[in-house]
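Bear in mind that the values in this text are calculations on the coordinates, not laboratory data. Since the structure is predicted, the reported quantities are computational estimates derived from the model, not experimental observations. Quick reminder, even Gly has a Cβ in these numbers, built from the backbone with ideal geometry, and neighbours come from all protein chains shown.
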Amino acid sequence: MQRIYFTLPAAALALLPGVAQAQALGDRIDSIFAASTGWFVNLIFASVWGVPWIVGWLVIAAVVFTLYFGFIQFRAFRHSIELVRGDYSDPNDAGEVSHFQALATALSGTVGLGNIAGVAVAVSIGGAGATFWMILAGLLGMATKFTECTLGVKYRNEYEDGTVSGGPMYYIKKGFAERGLPLGGFMAVMFSIFCVLGALGGGNMFQANQAASQVEAVVGIPTWVTGLTLAVVVFVVIVGGIKSIARVTEKVVPFMGIGYVLVAILIILMNANMILWAVGEIFRGAFTDSGIVGGIVGAIIQGFRRAAFSNEAGIGSAPIAHSAVRTKEPITEGFVSLLEPFIDTVVICTMTSLVIIITQQLLIDAETGRYILNDAGRIATASGATDGVPITSAAFGSVFGWAPYALAIAVILFAFSTMITWSYYGLKAWTYMFGEGRNQELSFKLIFCVFVFIGAVSSLGAVLDFSDAALFAMGVVNIIALYFLMPIVKRELNSYLARLRSGEIRKYN
Amino acid sequence: MSDKFVVGYDGSVSARRALEFAVERAKVQGGTIVLAHVLEWSPYSFLTPTELEERHKRRREEMARAEEALTSTVVAELKEAGVPVKVVIRYGSIADLLCKIASEVGAVQIVIGREGQSALEARIFGSVAGALVQAAPVPCTIVP
């Protein structure tokens, strides 16, 4: 084990002179990748009547689950809060994983750059109206998360040494077998493959890439330095088991998230006289043509896209985290998990969007009342920024001068915590396919750390596109499984609600 | 019914003194010692996904280790001295649980040592002794 610690810095030093050549090599890799995987990316992100079908797939699934479970996200909201508070937690279970801890860990995976940068992109393409559709999609997605996390707990593997493994690969295999459906094993493997690719791409390379470019933009540190630092820190945490770093991050990130929301609320309150106008802009953009490319449909697409990408409802990642909770009632994890899309999309994403709108980053032509578009077809911004984080940075920075720096730090920390969480998801998929064991775990973790570095230093557009596509392919397999398995969840739900009403389920507080 | 004395025990020197104090009282009155060992834990902390997965296993290990440590040392001594003793190991916040345990077993007193944490910690976060004094359902004895 010690030997690995010594060889890694040596390998890193050996890499240094080759960085310039690495860039050229990176471009070659990119084009090879584009040629060989382009068909897959185009398949996943193909548009049907102007709407990317994968977004439609996720949103339709959310609508189906919302209706099938009778608007469970609204009916059970209060109960979810009570569960997270611990009102229904048996004191004898103290010391086990609590509902709050499972929720916080899953959230640390979904709250990330999407909430800061992705929202800015969505709003710069779709206008303020995208916010409305984003909130709607977030509310609908709560039902999808509810379904998948219930199944995640119900069909997990519990080993004698006390550890647990759960997730879509387990509930697809076991659930299909239970219902007598074929192809369960095959679909579970397909899901695992996409999960590994998604973990390496969207959960790793994309995060490293954005964090490194942010650091370069604000502080000027070259991307390979950030990349190497991140790779080493991630390595130390997931391979070396140096939990203290992860623990610090896990504590800091929630506070940064809360701080982010508080600062956003502060900015909104400071512009209190503009709140009604901002809300008006949102509705105006949502239901009338405000001058963006694509009109109302454009706003809808951008809003749905952002929600789907951000809260991961239906992707199948959250069930992996939630499966560890000690509970006799799988449905309680479903209730707890439906708070995630709410917190991630309806609260945090909306905050970002409101700040951008209320600080008037989106330029409107005073005479026509329509958005001014730049050459790329996006809305021109007050700061001239066109990329995700710079727009958000400018929005916050217009009120608080120190905000861009705080945001850069937040971006790195959010990226890091997302990487740690997704390394775990990818690991679970890897060990599902190749078996549990130290060598299998170590091999995946090493690959993961290498990709952190690669992601940071490259503008590997095609590679990132492929891994994004893999992430959404997870959603295709997962949701097919959810459609077949949802009657099982319904049974659990009805049984639990009946017992709750009869008082059989104890409230401890 | 013999009187029950809840002793908050964390293995420290201070807790040792508290235990001795309680044992003396128990011997005189023919009472029982309820040895309460609280493993500090909060349901509102933040864990990494790996910690989540391993939590159940770790909890079992921690409880087993605590039980083994207590039984082989303190409990053995007390048994030799002829004092009836019961061991309670729980997770949570120390002051809260001591109060709960006292209520559950119907104790007549809670006995703890005064110094469990560093003085600075006690000043900022409040000491267990301070919290107990305010919230306990039974008389408390703080042994210096």
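Among the trypsin sites (Lys or Arg not before Pro) found in segment A:326-380, those both in a DSSP coil and sparsely packed, with 15 or fewer other Cβ atoms within 10 Å of their Cβ, are A:K328, A:R370. Among rounded, prolate and oblate, which fits segment A:37-502 when a ≥ b ≥ c are the square roots of the eigenvalues of its C-alpha gyration tensor, a/c under 1.5 means rounded, and a/b larger than b/c means prolate? It comes out prolate by the Cα gyration axes. The mean sequence distance of close C-alpha pairs (under 8 Å, at least 6 residues apart), as a share of the length of segment A:37-502, puts its relative contact order at 35 percent. Taking the number of Cβ atoms within 10 Å of each Cβ as an exposure proxy, the fewest-first ranking of B:R55, A:R306, A:R179 is A:R179, B:R55, A:R306.
Beta bridges assigned by DSSP with both partners in the protein assembly as shown are antiparallel in approximately 25 percent of cases.
Within a straight-line Cα-Cα reach of under 24 Å, A:K174 can be paired with the following lysines, leaving aside sequence neighbours fewer than 8 residues apart in one chain: A:K145, A:K154, A:K328, A:K428, A:K490, B:K57. Between B:R58, B:R90, B:R16, the GNM of chain B built on Cα springs shorter than 10 angstrom shows B:R58 fluctuating the most. Overall shape: oblate for segment A:236-321, with the ratio a/c of the largest to smallest alpha carbon gyration tensor axis at 1.5 or above and b/c at least equal to a/b. Each residue in A:E82, B:E68 was given a count of other beta-carbon atoms within 10 angstrom of its own, and listing them fewest first yields B:E68, A:E82. With a Förster radius of 45 Å applied to the C-beta separation of A:S502 and A:R28, the computed FRET efficiency comes to 0.10. Model label sites at A:I409 and A:E82, defined 7 Å from Cα along the beta-carbon direction, differ in position by 4.0 nm. Could you state the angle between the C-alpha long axis of helix B:13-29 and the longest principal axis of the C-alpha atoms of chain B, as a value from 0 to 90 degrees rounded to the nearest 10? The angle comes out near 40 degrees.
A full extension of the chain between B:V87 and B:A135 corresponds to an added length of 15.0 nm, given 0.36 nm per residue minus the alpha carbon distance. Applying 1/(1 + (r/R0)^6) with r as the Cβ-Cβ distance of A:I265 and A:E436 and R0 = 60 angstrom yields a FRET efficiency of 0.85.
Simple spin-label estimate for B:V108 and A:W53 gives 8.0 nm between the two label positions (7 Å along the Cα-to-Cβ direction from each Cα). Please label the shape of segment A:391-509 as rounded, prolate or oblate, based on the square roots a ≥ b ≥ c of the eigenvalues of the alpha-carbon gyration tensor (a/c under 1.5 means rounded; beyond that, a/b larger than b/c means prolate, else oblate). The shape class here is oblate. This ranking places A:C349, A:C149 by how few other beta-carbon atoms lie within 10 Å of each, fewest first, which gives A:C349, A:C149.
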